Amino acid sequence: MAEFYVRNSLNLNKSVKFNITLRYYVIKGVEGESVWTLEIGTTYPDINGDPINPKRIYNVSAANFDDVIEPALAELCAQIDWSPLMSDKEAPFVESTSPLDDNLNVNINSNIEMFLKDDLPSAGIDLSNMKIILNNGAIDFDITEEIEIDGDPYEYSLKWRPPMRVYDTYD
């Protein structure tokens, strides 16, 4: 059994302890196959003061381990009274860009990268309506579908690698 703490990003003063256990059982039969079961629980009460039932996930494997923990934990956390929640008053911001945005002579071979951040307390960055426009000085290009996104809702790295580089040559 391992213990870990969860904190709501809009209430930095409250954290809730959870326990996680991974057990395996051997199923009787020809194969004698092992089945892994994951159990996540807390002794913290729900919104009404009642105990929160633990979540059990059966047939856990190394391939789906991370994928099963997040929704189970989210379901448990939804039962907790996290109040008082703080307001998310600050908008996300661009922490840095590469190449630098004040550099007017960007090499045609350059990839573009920017880092978006949202400081706590925060509800996080919602990228569902994001639109990335590249302007070459004369035309706007929507490159939203070509952006590689990595990170979490509080810090994202956005990268654009041009799919085709066009060079003009003159004789």
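The numbers here are math on the coordinates, done by the rules we state, and not lab data. These figures come from a predicted structure and were not determined experimentally. All Cβ positions, even for glycine, are placed from backbone atoms using ideal geometry, and neighbour counts span all protein chains on display.
Exactly one of (1) more than 15 Å from residue 20 (Cα to Cα); (2) out of contact with any strand residue (DSSP E or B) (no Cβ under 6 Å at 6 or more places or on another chain); (3) among the small types (Gly, Ala, Ser) is unmet by residue 98. Its number?
(2)
Within segment 95-130, work out how many residues are charged (D, E, K, R) and either under 21 Å from residue 164 (Cβ atoms) or touching a Leu at 6+ places or on another chain (Cβ under 9 Å) (or both).
Matching residues across segment 95-130 total 2.
Can you spot a residue in segment 132-140 that is surrounded by 13 or more Cβ atoms within 10 Å (Cβ to Cβ) and farther than 20 Å from residue 161 by Cβ?
Scanning segment 132-140 turns up no residue that is surrounded by 13 or more Cβ atoms within 10 Å (Cβ to Cβ) and farther than 20 Å from residue 161 by Cβ.
Condition test on residue 121, is it under 17 Å from the mean Cα position of the chain (by Cα), in contact (Cβ under 8 Å) with a residue 12 or more places away in the chain and closer than 30 Å to residue 50 by Cβ?
Judged against the criteria, residue 121 is a match.
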